[in-house]
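Student: Below are the structure tokens for one structure; questions will follow.
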Amino acid sequence: MIRINCDLCGKVEGSLNRAVIEGVELNVCPECSRFGKVLAPVKRYTPKEQHKLIQKQLIRKQEEKEEKIELLVEGYADLIKKRREAMGMTQKEFAGKLNEKESFIHKIETGILEPPLNIARKLEKLLGVKLIEEHLEKHVLAKRSKEEGFTLGDFIKIRK
């Protein structure tokens, strides 16, 4: 059996418990477990089993990652300009309501400048249109086969 130190007192124990002590999860010996709420006994793995578990977790994390991205809708410049004109406002009046410069509004409406997301949210609220879309992006890492050849990192590892 593997012996590990208690996170609280440092004693080397054969059996530890997973416990919450003052809001923190710790691996503690039976004596220290009285200071908190015991969740479960700590499961022990041989070094080989532990290595396999860590490898599986790393592979799962690397295989696929999802990320939410907020982007402006296509044609945002025309949409903003048409909506502002429909409300009967000049660029100067519109800029005043947004607390921005008139030149900034002009650049947005001509498409020269893409408004930051915080300004786009202000524009959505004032104009009553949807300018920001959420996209779910998946990142899939390709697995590299050993037949692809060496990388610079492989040579560095060999030289050490």
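Student: (1) touching a strand residue (DSSP E or B) at 6+ places or on another chain (Cβ under 7 Å); (2) exposed (fewer than 14 other Cβ atoms within 10 Å of the Cβ); (3) of a type outside the set (A, V, I, L, M): which one isn't true of Ser33, the others all being true?
Tutor: Ser33 satisfies all of (1) touching a strand residue (DSSP E or B) at 6+ places or on another chain (Cβ under 7 Å); (2) exposed (fewer than 14 other Cβ atoms within 10 Å of the Cβ); (3) of a type outside the set (A, V, I, L, M) except (2).
Student: What's the number of the condition Ala40 fails, among (1) touching a helix residue (DSSP H, G or I) at 6+ places or on another chain (Cβ under 8 Å); (2) small (Gly, Ala, Ser); (3) part of a strand (DSSP E or B)?
Tutor: Only one criterion is unmet by Ala40, namely (1).
Student: If you don't mind, there's one more thing I want to ask. Which residue pairs have Cβ atoms under 8 Å apart, sit 6 or more places apart or on different chains, and have a first residue in the stretch 112-135 that is among the small types (Gly, Ala, Ser) and a second that is outside any helix (DSSP H, G or I)?
Tutor: Sorted first by the residue in the stretch 112-135, then by its partner, the pairs are Ala120/Leu72; Ala120/Leu131; Ala120/Ile132.
Student: Out of the residues in the stretch 76-101 meeting the condition of being of a type in the set (Gly, Ala, Ser) and farther than 17 Å from Pro115 by Cβ, tell me which one is nearest to the chain's Cα centre (by Cα). I'd like the intermediate steps shown before the answer.
Tutor: We begin by selecting, within the stretch 76-101, every residue of a type in the set (Gly, Ala, Ser); these are 77, 86, 88, 95-96.
This time we only want the ones that are farther than 17 Å from Pro115 by Cβ, so: 86, 88.
Details: Ala86: 39, Gly88: 42 Å.
So the residue we want is Ala86.
Student: Scan the stretch 2-12 for residues that are charged (D, E, K, R) and either at pLDDT 90 or above or within 20 Å of Glu49 (Cα to Cα) (or both) and jot them down.
Tutor: First, pick out the residues of the stretch 2-12 that are charged (D, E, K, R): 3, 7, 11.
Listed by number, the list holds a single entry, Arg3.
Student: Of the residues Ala142, Ala77, only one is in contact with a Ser or Thr (Cβ under 7 Å, 6 or more places away or on another chain) and either surrounded by fewer than 14 Cβ atoms within 10 Å (Cβ to Cβ) or at pLDDT 90 or above (or both); which?
Tutor: Ala77
Student: Check Val73, Val20, Val24, Val38 and return the single one that is among the hydrophobic types (A, V, I, L, M, F, W, C) and over 28 Å from the mean Cα position of the chain (by Cα).
Tutor: Details: Val73 fails: over 28 Å from the mean Cα position of the chain (by Cα); Val20 fails: over 28 Å from the mean Cα position of the chain (by Cα); Val24 fails: over 28 Å from the mean Cα position of the chain (by Cα).
None of the other options fit; the residue is Val38.
Student: Picking from Ile105, Ile69, Ile54, Ile80, which residue would you name as being in contact with a His (Cβ under 6 Å, 6 or more places away or on another chain) and either closer than 30 Å to Arg121 by Cα or part of a helix (DSSP H, G or I) (or both)?
Tutor: Details: Ile105 fails: in contact with a His (Cβ under 6 Å, 6 or more places away or on another chain); Ile54 fails: in contact with a His (Cβ under 6 Å, 6 or more places away or on another chain); Ile80 fails: in contact with a His (Cβ under 6 Å, 6 or more places away or on another chain).
After applying the criteria, what remains is Ile69.
Student: Moving to a separate point now. For the subset of the stretch 102-130 comprising residues that are within 26 Å of the chain's Cα centre (by Cα) and hydrophobic (A, V, I, L, M, F, W, C), which member is nearest to Ala77 (Cα to Cα)? Quick ask: steps written out before the conclusion?
Tutor: Initial filter on the stretch 102-130 (within 26 Å of the chain's Cα centre (by Cα)): 114-122, 124, 130.
From what is left, the residues that are hydrophobic (A, V, I, L, M, F, W, C) are 117, 119-120.
Working: Leu117: 14, Ile119: 13, Ala120: 11 Å.
So, considering only residues that are within 26 Å of the chain's Cα centre (by Cα) and hydrophobic (A, V, I, L, M, F, W, C), the one nearest to Ala77 (Cα to Cα) is Ala120.
The values are calculated or read from the model by the stated rules, or taken from the named source; none is laboratory data. Since we're looking at a predicted model, the values are computed, not measured. Virtual Cβ from ideal backbone geometry, glycine too; neighbours counted across all protein chains shown.
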